[in-house]
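Computed from the coordinates by the stated procedures, all read-outs in this text should not be read as laboratory data. The structure displayed is predicted, hence computed values, not measured ones. All Cβ positions, even for glycine, are placed from backbone atoms using ideal geometry, and neighbour counts span all protein chains on display.
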Amino acid sequence: MTVLRALIVGLALLLATGTSRAADPRLVPDVSSRAIDIQYSFTGEELLLFGAILYPGQRLPDDRADIVVVLKGPVRPIILREKRRVAGIWVNASSIRLRTTPGFYAIGSSRPIDKLVDERTAAIFELGLDNLSMSPTGFSEAQKLERFEAGLIDLYQRQGLFVQNPGAVEITEGVLYRARIPVPARVPVGTYRAETYLISRGRVLAVAARDVQIRKAGFERFVALAAEHHGFLYGLAAVTLSLLLGYVASAIFRRR
């Protein structure tokens, strides 16, 4: 979460709830794993987001609250290019740069988002794929920005990197909640935020978050660190290994 978004969310939460009141419930969230290791055999994982809603005086209100969970990260800049066919050849016709695009975004809720909050609140807290703020660089026409963002969302949805699942959150006795978030094999490494929102009567009553690390492990981690910290030596070793394997393969075929 960027500093700017943290300030916006904090201000929005303050405005939505007014001053902190003892009558408002609070969240006690957790995740099944604070770190996910990616190795050569990694085929994906399922992350469990769970916790409890603590009501003042241990009394459940007549109107039970709803829960929305979000897992997203890492935020990174990305350049999108649009291809068009000109004289039978596909060429890059237009491009746009987005500064705050999450590499992964999954949202689950106890009910559909549009049944819980209005469009303004959903946009402030970035609840739902249509409400992601990707911060384009420079001036872009609204139609062009919408077209590129829709294309990116569609691509990431087909790759399993963007997931939206209303009804994924189960609430037991109005107190305990849980939701399962699928983490695909091609998920990018980095720091993720598991966010939980407590919503009632269109208001966000509480927000809580936990960090989740997704990292490479074993030989994959060694290779990734070598490429990051020793780029020249890594490139030299890669070229040398390619030449050596090519020489060995040619020698084998000559003998045949």
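Taking amide H as placed 1.01 Å from N in the peptide plane, Leu47 has its amide H under 5 Å from the amide H of Ile181, Val183, each at least 5 places away in sequence or on another chain. Note on Asp114/Ala142: beta-carbon distance plugged into 1/(1 + (r/R0)^6) with R0 of 25 Å gives a FRET efficiency of 0.70.
If R0 equals 51 Å, the separation of the Cβ atoms of Arg34 and Thr240 corresponds to a calculated FRET efficiency of about 0.85. For segment 125-185, chymotrypsin sites (Phe, Trp or Tyr not before Pro) are listed when DSSP marks them as loop and at most 13 other Cβ atoms sit within 10 Å of their Cβ; the list is Phe139.
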